[in-house]
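Below is one structure, written out as structure tokens; the observations come after it.
The values are calculated or read from the model by the stated rules, or taken from the named source; none is laboratory data. Only a predicted model underlies this, so the values are computations on that prediction, with no experimental measurement involved. Note that we place each Cβ from the backbone using ideal geometry, even for glycine, and neighbour counts take in every protein chain shown. What goes into the accessible areas is simple: the full protein's heavy atoms, side chains included, and nothing from ligands, DNA or RNA. Shrake-Rupley method; radii C 1.70, N 1.55, O 1.52, S 1.80 Å.
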Amino acid sequence: MKKVYTCFTTDVIHSGHLNIIANAKKYGKLIVGVLSDKAMIRYDRFPTISFEERLEMIKNVEGVDEVVKQDDVLYDNVISSIKPDYVVHGDNWKQYPQSVIRDNVIKNLEKYGGELIEVPYTYNYDIAKIDSITREKLAMPEYRRKRLRQLLNLCPIVKVIEAHNGLSGLIAEKTIVERNGELDQFDAMWVSSLCDSTVKGKPDIELVDISSRMRTLDDILDVTTKPIILDGDTGGQTEHFVYNVRTLERMGISAVIIEDKIGLKRNSLFGTEVEQSQDTIESFCNKIKMGKEALRTKDFMIIARVESLILEQGMEDALDRAFAYAEAGADGIMIHSRQKTPDEIFEFCEKFREKEKQIPVVVVPTSYSSVTESELISHGINIVIYANHLTRSAFPAMRNTAVEILKNHRALEVERNIMPFGEIIKLIDEL
Ligand code: SPV
Ligand code: MG
């Protein structure tokens, strides 16, 4: 009997899947791959049910003879181990980036004469509705909030990009790329105090208050599903922080990072060029403890940011503080540096990891941008935040456009550098 293989990346079986199964079954014994969580989040979106539930769901569909786990987006391993005579797939994967997977399947089948069968993809009102319900479910606070913790278990490093409004949130949400045959996307978003202030034309000194920051968060929450880490600046007064963490938790934010500074907060990239004061270990530990006590779920994370290297207080001070904050209950440690190389960050990580093996470590490689994610992983770093890059790329683009229109007394010259609105609105979902 011939072997037929198809793979599903779904949380809900709908008529489109049943159609693929019915077609595939005609060719022989039907083996269905269920994409693992780890693979699913690189290519598609976060699952709303567990892998085991998806496996069970697919196993129970009539016509399915066997289910297997597919651990990679690409089919190399699964095809070489099963050697199916046919791979069956909907014909909706001819466009980039899904075309990368299609090309990979064709290449693997060609090796031994296997055949690809493409079934016309079914898309109707009911299927569109199922898609949008799944997306809405992912955006609900109780699903979104815990996802950062889930990602920490799934990813070698959680990749976070800055977002400062709905549109940049959509870029963080929807950008998928192919590189060396692998698909990839960002895992989460960072709502930076620097960028949230800058796009409002204000300095990064905690002038943009928490209500305004929450407005930005709401705009992003409204149109995305990925988890959000808020840059909480100093966390403000402890008496205020305890209220704010609870509000953030209720909104579905996954984490807040607070830095151990007091007084007028200035951006860390200024370092010691401006006056900045660090909190005492005792007082900052108290803020962490009180914040943790105020929480109502185990999902939300309070991450403590150590500013000792920024303020040139030395490695020992950075380590003392990081150990104390971890002891006080912080759910993660962010270590920041404004050096051009990652050397001091790596030294910190090596020494910190001698004692603290588990607690997540977060870095923001703005000044040492040549560092690669694999180097960060090899030093025990769990979360990388690209903290300001969307704002910094938008600003020169907008300024150049303004300059060109002024110089030319018309808009024709800028057309080649700007995107037609038809392209931009493709990002925007309509209900
Ligand atoms: C931010 O993005 O606002 C940060 C990171 O706090 S940094 O700007 O490097 O201080
Ligand atoms: Mg900040």
**Prompt:** At a 1.4 Å probe radius, carbon and sulfur cover how many percent of the accessible area of the chain?
**Reply:** 52
**Asked** Could you give the dipole magnitude of the chain about its Cα centre, charging the beta-carbon of Lys and Arg +1 and that of Asp and Glu -1, in debye to the nearest 20?
**Response** 880
**Request:** Determine which aspartates and glutamates satisfy two conditions relative to K111: a Cα distance under 15 Å, and not lying fewer than 8 residues away in the same chain.
**Result:** D76, D85, D103
**Cut-off under 5 Å, modelled amide H: who pairs with I228 long-range** = M189, S254, A255
**Item:** Ranking by accessible area, most exposed first, for F46, F284 with a 1.4 Å probe
**Value:** F46, F284
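Rounded to the nearest 500, what is the chain's calculated 222 nm mean residue ellipticity when only DSSP H runs of at least 4 contribute -39500 (n - 2.57) each, over all residues?
-13000 deg cm²/dmol
Of the beta bridges DSSP finds with both residues in the chain, what % are antiparallel, to the nearest 5?
Antiparallel bridges: around 10 percent, rounded to the nearest 5.
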**Asked** What is the extension gain from K38 to D184, computed as 0.36 nm multiplied by their sequence separation minus the C-alpha to C-alpha distance, in nm to one decimal?
**Response** 51.4 nm
**Prompt:** For the chain, what is the per residue volume of the convex hull drawn over the alpha-carbon atoms, in cubic angstrom?
**Reply:** 169
**Asked** What pairs from K137/K159; K26/K159; K137/K261; K159/K292 go past 31 Å between their alpha carbons?
**Response** K26/K159; K137/K261
**Request:** Using θ = phi - 60° and the Karplus relation 6.51 cos²θ - 1.76 cosθ + 1.60, list the HN-Hα couplings for segment 388-403 in order, rounded to whole Hz, with x at every Gly or Pro.
**Result:** 8, 6, 6, 5, 5, 7, 5, 4, x, 5, 5, 5, 4, 4, 4, 4
**Sequence ranges 59-65, 382-388, 182-188, ranked by mean other-Cβ count within 10 angstrom, highest first** = 382-388, 182-188, 59-65
**Request:** With springs only between Cα atoms under 10 Å apart, run a GNM on the chain and tell me which of K407, K287, K174 wobbles the most.
**Result:** K407
**Prompt:** Which of the lysines could a cross-linker span from K265 if the Cα-Cα distance has to be under 16 Å and same-chain partners fewer than 8 positions apart are dropped?
**Reply:** K202
**Item:** Taking the chain and dividing mean pair separation by its residue count, relative contact order in percent (alpha carbons under 8 Å, at least six apart)
**Value:** 12
**Set of lysines near K69 by C-alpha distance (under 16 Å), chain-local residues within fewer than 8 positions excluded** = K38, K59, K83
**Item:** Candidates G235, G90, G329, ranked by Gaussian network fluctuation over the chain, Cα under 10 Å, top entry
**Value:** G90
**Choice from T224, T372, T234 with maximal GNM fluctuation in the chain (Cα, 10 Å cutoff)** = T372
**Item:** Cα Rg, Dmax, segment 336-399, angstrom units
**Value:** 13.7, 48
